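Heads up, the thing below is written out as structure tokens.
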Amino acid sequence: MAENTTEVLVGGVVLAAAIAFGIYAAQAAGLRSGGDSYPLHASFRSLEGVSVGTDVRLAGVKVGTVSGVALNPETFRADTTVDVAKTIEIPDDSAIVISSEGLLGGNFVEIVPGGSPFFFEPGDQFTDTQGAVSLISLLLKFVGGGGDSDGASE
């Protein structure tokens, strides 16, 4: 009988630890209940390294996350939805850029604020976007000489 009580207690402790870890992971990932953010939309030529859940930063501070990514079959661009904290007002002439954390780091979405006195409303569209720059393409251009597009050697 004492063994059963010990097993139940250990099981309860393990279950409580798993629930606490789950709550901590959700908070660390930025998962919150809806209502404290608003959506903005952008269309990128290349969204390499960015997916749903990627950080959206302003001046290096996380202000939101990417909440939706879809290929537009008419324009062949990546239509993206970002959720930004309601407490952050973004000027409506701001740019949105795919940036890299470093040579080996991942990509994130950066908002470069403009100077307009007017702000984006929920559901508005960024008009100034800059997609991801492929590091591999840049290295191949550098190694290959950059200017030779036909591949012929002299």
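The values are calculated or read from the model by the stated rules, or taken from the named source; none is laboratory data. Just so we're clear, the structure is a prediction, and the values are computed from it rather than from any experiment. For neighbour counting, all protein chains shown are included, and Cβ atoms are generated from backbone atoms with ideal geometry for every residue, glycine included. What goes into the accessible areas is simple: the full protein's heavy atoms, side chains included, and nothing from ligands, DNA or RNA. Shrake-Rupley method; radii C 1.70, N 1.55, O 1.52, S 1.80 Å.
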Discussion item. Using a 1.4 Å probe on the protein heavy atoms only, what accessible surface does Glu3 show? Give it in Å² to the nearest 10.
Written reply: 140
Practice prompt. Grab the Cα-Cα distance for Val69 and Ala18, subtract it from 0.36 nm times how many residues apart they are, and report the gain in nm with one decimal.
Written response: 15.3 nm
Worksheet item: How big is the accessible area of Leu15 in square angstrom, nearest 10, if you roll a 1.4 angstrom probe over the protein chains?
Response: 110
Worksheet item: What number comes out for the charge environment of Arg77, summing +1 per Lys or Arg and -1 per Asp or Glu over other residues with Cβ under 15 Å away?
Response: -3
